[in-house]
Amino acid sequence: MSGLCSGSNRVADSCAAVPTRLGAVSLQLHLAAPAELDVGTLYRILQLRVDVFVVEQRCPYRELDGRDLDPGTRWLWASDAGAVLATLRILRAEDGTARIGRVATARQARASGIASDLMRRALVFLDSEASAARSGGGRPAGIEVLLDAQTPLTAWYQRFGFEPAGPEFVEDGISHLPMRRPGQLSRQP
């Protein structure tokens with residue numbers, strides 16, 4: 001498991017006490033491949049996703065979709081004292097694009113800036129991978145990132161350089177808009 005705040009990963013800034021509407025918290029950001037997740041952390045991440053998507057949003061669907069354990073999948077989450085406050089999942093496609101999904105924030109952590117910090121870190125991570133690929137003779141451009149935004153959150157995703165990429169659609173009774181961020185170096189909103 002790689003703590004993005006541990007100093008061992010160049011993607012991260014220091015994550016000591018972060019002022020939020022929750023008060024000062026000792027926020028830790030983490031990045032891990034599926035095989036690196038310990039059982040307790042995996043449980044807390046999945047519990048948050050089910051609490052938000054299945055219970056709160058009343059969407060009875062198969063939350064465990066088979067993609068969580070793909071070798072190219074990366075999990076990013078924010079925690080304080082072991083409690084998972086926000087999470088997202090990064091998937092890889094064969095065409096070189098990345099897909100961010102399962103973006104969930106605990107009710108008590110919403111509007112605190114934690115989800116924004118998590119999204120920025122995900123994009124910095126993806127851009128650093130693209131930069132490393134360029135220096136190693138890989139693809140010349142950054143990684144294109146795709147996501148399906150719940151329509152009310154479209155403006156929030158636009159802050160990170162995402163733009164609409166198709167018509168609105170309804171999934172599990174919730175309106176979504178496909179969005180993409182072209183391959184580039186991340187912008188800091």
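Scanning the range 67-83 for residues that are acidic (Asp, Glu) and not in a strand (DSSP E or B) yields Asp68, Asp70. The residue that is modelled with the lowest pLDDT, counting only those in the range 47-104 that are basic (Lys, Arg) and either surrounded by 13 or more Cβ atoms within 10 Å (Cβ to Cβ) or within 10 Å of the chain's Cα centre (by Cα) (or both), is Arg67. Can Leu22 be described as within 19 Å of the chain's Cα centre (by Cα) and either modelled with pLDDT under 90 or closer than 15 Å to Ile114 by Cα (or both)? When the stated conditions are applied, Leu22 does not pass them. Applying the set (1) modelled with pLDDT of 80 or more; (2) surrounded by 12 or more Cβ atoms within 10 Å (Cβ to Cβ) to Glu171 leaves exactly one unmet item: (2). Of all residues in the range 37-63, none that is touching a residue at least 12 places away in the same chain (Cβ under 8 Å) has its Cβ atom under 6 Å from the Cβ atom of a residue that is among the small types (Gly, Ala, Ser) and part of a helix (DSSP H, G or I), 6 or more apart or on another chain.
Figure legend. Inter-residue proximity from the range 107-121: first residues at pLDDT below 90, second residues in a helix (DSSP H, G or I) and buried (at least 19 other Cβ atoms within 10 Å of the Cβ), beta-carbon distance below 8 Å, spacing 6+ or different chains. Indicated pairs: Ala109/Ala115. When the criteria are applied in full, Arg89 fails the requirement of being out of contact with any Ser or Thr (no Cβ under 9 Å at 6 or more places or on another chain) and part of a strand (DSSP E or B).
Among the residues of the range 51-79, those identified as among the aliphatic types (A, V, I, L, M) and under 21 Å from Met119 (Cβ atoms) are Val52, Leu76, Ala78. Checked against (1) over 27 Å from Gln158 (Cβ atoms); (2) among the aliphatic types (A, V, I, L, M); (3) over 13 Å from the mean Cα position of the chain (by Cα), Ala32 passes all but a single condition, namely (3).
The values are calculated or read from the model by the stated rules, or taken from the named source; none is laboratory data. A quick note: this is a predicted structure, and the numbers were derived from the prediction, not measured. Methodologically, a virtual Cβ is constructed for each residue, glycine included, from the backbone with ideal geometry; neighbour enumeration extends over all protein chains shown.
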